[in-house]
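First the structure, in the form of structure tokens, and then the observations on it.
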Number of protein chains: 2
Amino acid sequence: MKLATYRNGRPDGCLMVVSRDLASAVDVSALAPDLLHAIQGWERLAPQLQQISDALNEGCATGAIVFEPARCMAPLPRTFQWCDASAFLNHGRLMERAFNTAPIPDFESVPVMYQGAADDFLGPHDAVPLPDEALGIDFEGEFGVIVGSVAMGTPPSRALEAVRLLVQLNDWSLRALGPREMKSGFGFLQAKPSTSFAPVAITPDELGDAWRDGRVHLDLEVEWNGQAFGHPNGGEMNFGFGELIAHAARTRRLSAGTVIGSGTVSNVSRDAGSACIAERRVIEIIDHGEPRTAFMRFGDRVRMRARASGGELPFGIIEQQVVCAGVPGA
Amino acid sequence: MKLATYRNGRPDGCLMVVSRDLASAVDVSALAPDLLHAIQGWERLAPQLQQISDALNEGCATGAIVFEPARCMAPLPRTFQWCDASAFLNHGRLMERAFNTAPIPDFESVPVMYQGAADDFLGPHDAVPLPDEALGIDFEGEFGVIVGSVAMGTPPSRALEAVRLLVQLNDWSLRALGPREMKSGFGFLQAKPSTSFAPVAITPDELGDAWRDGRVHLDLEVEWNGQAFGHPNGGEMNFGFGELIAHAARTRRLSAGTVIGSGTVSNVSRDAGSACIAERRVIEIIDHGEPRTAFMRFGDRVRMRARASGGELPFGIIEQQVVCAGVPGA
């Protein structure tokens, strides 16, 4: 089952069931007004949504319309918690060199994870307003999960049972602000503006065996201004989502609708390229003694899509343009 | 105007208007089901809620009942964003010594702030379930603000206009986990379990001139197991809430319902005592070469109340007991 959220003037939008081929959709807001409601009432609502999904995929759903990704908000336009890990250790190791920060304690045995802002997620085609090009504008291609409620202390082996939906996302980052916030010890805040999401959140069965071991085993294709930038595979996560959910729930319960991110998808093999600019820059420093790729400028575009072995794009496409935020009240 | 949230079996509870003397209350859920709705529709709803508040304070409100703090959830039981600063530099300087961490860059000119979990706030008399006494269980007495929407880049001078309500809170902390998370650069996550709130959120006018310069100029009285622990004054904040809101909004817009915290209230004068155990412990290290006060044990209680010059308690009282969380599914 694939779920999307159409813009309707309300903060949480309108819930849509989308066909597997992303060609058609049905407004299911009479059943659940928005995805947050659906996640909170999942046991009761998922079977009904699945029936509509089945009918839609068979071409016999009542009220089916053409699916238009441009009408999409993030599948969850806002939620109560967003925790993003850095579960690809290759990325973490490169970023330590990029930021020239001290080695992270227990890096190979304990996941690192920051608490992000969940109040204002961006849709797949929304403009990305940012205040200043000098802040080092960068993308970070990631996968994530949306979970039901998770009890405090749930072990990794049980935590995966809480996964309701998988998502593909872009964790926008401002690299000029990252090192200072890391050195403060309080973690990322200004360095992490609103996060963007691909149009559809999908149940794990949509990926077949590309969802296994709590990992999304798909290439994440990233293009910057129309040029291929990288296509790392999500299967190389050093911690699976079970470990990440359990990490987040060690000292607190997680409420239904919590989103947990993988961190930047990153492969040890350089053939895959990168899913963020900072990583390419540190590779350039290693190879050439200096970075050769600048960060993004206003007007730049980024496109991200995970690709299945048959060529399909299970989550649809993120395609966004960075714009100047302007001055409030001006 | 004072607002509280009664438990009603739903995650967001039932909105109540409470009298100034905390003696009586009116269920206003017909007007706004919960505080999140009220904050989101503040311009329209606040005048109507204020009318009910006025009638309640004059003893002529329809449907008035005795106010029972034990029925309260947090005023906002969950919201979409919670950012907590460390705006009392005296606390920050002591914590650097307590944690033996590197000096924070630009500490006196740029606020430090971490993104917290907003999905599961605790009410003033809720038990506080935590997994292990060995984690260094500590309280942190703070003040906070609940804001309306704030545009990206709003300056401090304008940011204060977004303040809708003031709150008093306890930012529960697990000190054994703090240093590792600070050294990771990703900031607090497991070290910050669910935050607790005093029963009523209040409009700034409720404090008279004790709300000025974007600061709550009240003593915050803290008792641990019935013993006085500290009574630092909130007026000594080195950054006011205007600066803190602007800091949070530098690279993102803040959605209505965002909560911004002051960080542990802390005064340079030792006569005021402390609002957290970690601070007392580092003072003991300075004075005696070693800490003499242990962290909390299961069964321990903490009480916090801000006191106005006339003796009133504008936010009511937080009074909680720490308990063992137990094993999920056991």
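The values are calculated or read from the model by the stated rules, or taken from the named source; none is laboratory data. A quick note: this is a predicted structure, and the numbers were derived from the prediction, not measured. Counting neighbours? That spans all protein chains shown, and the Cβs are built from the backbone with ideal geometry, glycine included. Remember, those area values only see protein heavy atoms, side chains included, never the ligands or the DNA or RNA. Shrake-Rupley method; radii C 1.70, N 1.55, O 1.52, S 1.80 Å.
A:Ala278 meets all of the listed conditions (1) assigned to a helix (DSSP H, G or I); (2) out of contact with any helix residue (DSSP H, G or I) (no Cβ under 6 Å at 6 or more places or on another chain) but one, namely (2). Would you be able to say whether some residue in region B:235-254 is over 23 Å from A:Asp119 (Cβ atoms), touching a Lys or Arg at 6+ places or on another chain (Cβ under 7 Å) and in the same structural domain as B:Leu94 (by TED's automatic domain parsing)? Within region B:235-254, one or more residues are over 23 Å from A:Asp119 (Cβ atoms), touching a Lys or Arg at 6+ places or on another chain (Cβ under 7 Å) and in the same structural domain as B:Leu94 (by TED's automatic domain parsing).
Hey, could you check region A:291-318 for residues that are surrounded by fewer than 17 Cβ atoms within 10 Å (Cβ to Cβ) and under 26 Å from B:Met152 (Cα atoms) and say which is nearest to the chain's Cα centre (by Cα)? Checked region A:291-318; the qualifying residue nearest to the chain's Cα centre (by Cα) is A:Arg301. For first residues located in region A:129-153 and within 12 Å of chain B (Cβ to nearest Cβ), partners that are open to solvent by 10 Å² or more (accessible area, probe 1.4 Å) and in a strand (DSSP E or B) and lie 6+ apart or on another chain with Cβ distances below 7 Å form the pairs A:Pro129/A:Val323; A:Val147/A:Val163; A:Val147/A:Arg164; A:Met152/B:Pro129.
Residues that are assigned to a loop (DSSP other than H, G, I, E, B), open to solvent by less than 30 Å² (accessible area, probe 1.4 Å), of a type outside the set (A, V, I, L, M) and within 24 Å of B:Pro11 (Cβ to Cβ) within region A:13-39 comprise A:Gly13, A:Asp34, listed in sequence order.
Just one of the listed residues (A:Gly178, A:Gly187) is within 14 Å of chain B (Cβ to nearest Cβ), modelled with pLDDT of 95 or more and closer than 30 Å to B:Ala246 by Cβ, namely A:Gly187. Only one of the listed residues (A:Asp120, A:Asp126) is within 8 Å of chain B (Cβ to nearest Cβ) and either touching a Pro at 6+ places or on another chain (Cβ under 6 Å) or surrounded by fewer than 24 Cβ atoms within 10 Å (Cβ to Cβ) (or both). That residue is A:Asp120.
Applying a threshold of 6 Å to beta carbon distances and a minimum spacing of six or more residues, or different chains, the list of pairs starting in region A:309-330 at a residue that is within 14 Å of chain B (Cβ to nearest Cβ) and ending at one that is among the polar types (S, T, N, Q) and part of a loop (DSSP other than H, G, I, E, B) reads A:Pro328/B:Thr154. Restricting to region A:154-163, and then to whatever is of a type outside the set (Val, Ile, Thr) and open to solvent by less than 40 Å² (accessible area, probe 1.4 Å), can you tell me which residue is nearest to B:Pro129 (Cα to Cα)? Across region A:154-163, the extreme among qualifying residues is A:Ala159.
I want to confirm something. Restricting to region A:47-70 and keeping residues that are surrounded by fewer than 18 Cβ atoms within 10 Å (Cβ to Cβ) and among the hydrophobic types (A, V, I, L, M, F, W, C), which single residue is nearest to A:Gly257 (Cα to Cα)? If we take residues in region A:47-70 being surrounded by fewer than 18 Cβ atoms within 10 Å (Cβ to Cβ) and among the hydrophobic types (A, V, I, L, M, F, W, C), then A:Ala70 is nearest to A:Gly257 (Cα to Cα). Of the residues B:Glu108, B:Glu181, the single one that is assigned to a helix (DSSP H, G or I), closer than 26 Å to A:Pro179 by Cβ and acidic (Asp, Glu) is B:Glu181.
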